[in-house]
Amino acid sequence: MIIGEFCGELDSAVAPWLRSRRHTLSEAFGSLHMDELTPHLVRAWMRSRLRERQPGTVNRELSVLRGILAVAVQHGRIPSNPCDGVKSAPEHNMRLRYLRDDEEERLLAALEEPLRSFVVFLLHTGCRLSEATGLRWDEIDAAGPTAMLMRTKTKVARHIPLNRAAWAAVEKHPPNGPVVFSRLPAYLHRKWRAALRRAGIEDLRFHDLRHTFATRLAAKGCDVFLLRDLLGHASLASTSRYAHVATARKVAAVRMLEEI
């Protein structure tokens, strides 16, 4: 069977994670028969793709392709998954785009509820997008107020305090089922991009709101160990990227020696 035809047969349970990368993968492999795809061809595609896109993007596409082929194996269309022996591209992950104060003002003005309060929540908690969208009411403690993130990237639950802005954002989402932010629009990323265009802001992702949270805390002198805990990083190496924003405080500290 042609790979492109098989993609069209995938049921609705698979479609959501397939749809975002389907066009790219169909262009690359759609005309191939499933038994013609080999690890060598996948690696060659990755090398070509890496000349056009960032490693993280290519790795996400590889993950989708691996998932499609895993379903094909389950359905008996191919004996094994050609992607199993293909390694992901190294990700340096050095991007550090954060929201400037003037950009934040324009962005919040361009956003409508319920997306506006959701963005405020991200800015004041540093949550990953998946952590915030999966947050449940039974994980919220109004007495704190605090939230216990149970579905994290590191698979380790994380306790986060909610400041006044974050709690006010939560209160704008009255309970409507078990999930806190259940009223978010279905086409979340499309609404986000439209708001960015209205605000005149370029090259900003949801994940950059997490960078903004961390950068602002680092600039205020937040201890790197505390910042690591708030962000839920598995190691200090990931958190250390924010150290440079505290340069002015470091200079001031060293100059204190001149007064002795």
Of 166, 219, 194, the only residue that is closer than 13 Å to residue 127 by Cα and in the same structural domain as residue 114 (by TED's automatic domain parsing) is 166
Please go through the range 34-54 and pick out each residue that is exposed (fewer than 14 other Cβ atoms within 10 Å of the Cβ), without any contact (Cβ under 8 Å) to a residue 40 or more places away in the chain and of a type outside the set (A, V, I, L, M, F, W, C).
36, 40, 47, 48, 51, 52
Within the range 156-210, track down each residue that is touching a Leu at 6+ places or on another chain (Cβ under 8 Å), farther than 16 Å from residue 139 by Cα and either assigned to a loop (DSSP other than H, G, I, E, B) or hydroxyl-bearing (Ser, Thr, Tyr) (or both).
184, 185, 201, 202, 204, 206
Yes/no for residue 180 being modelled with pLDDT under 90 and either β-branched (Val, Ile, Thr) or over 17 Å from the mean Cα position of the chain (by Cα) (or both)
no
Answer with yes or no whether residue 90 is in contact with a His (Cβ under 9 Å, 6 or more places away or on another chain) and under 25 Å from residue 214 (Cβ atoms).
no
Just name the residue that is surrounded by the most Cβ atoms within 10 Å (Cβ to Cβ) out of those in the range 166-197 that are over 15 Å from residue 113 (Cβ atoms) and touching a helix residue (DSSP H, G or I) at 6+ places or on another chain (Cβ under 8 Å).
166
Could you figure out which of (1) exposed (fewer than 13 other Cβ atoms within 10 Å of the Cβ); (2) in a loop (DSSP other than H, G, I, E, B) isn't true of residue 96?
(1)
Positions within the range 34-50 being at pLDDT below 90 and over 20 Å from residue 71 (Cα atoms), in sequence order
49, 50
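The values are calculated or read from the model by the stated rules, or taken from the named source; none is laboratory data. Remember, it's a predicted structure, so these values are computed and weren't measured experimentally. Please note: Cβ atoms are built from the backbone with ideal geometry, for glycine as well, and neighbour counts cover all protein chains shown.
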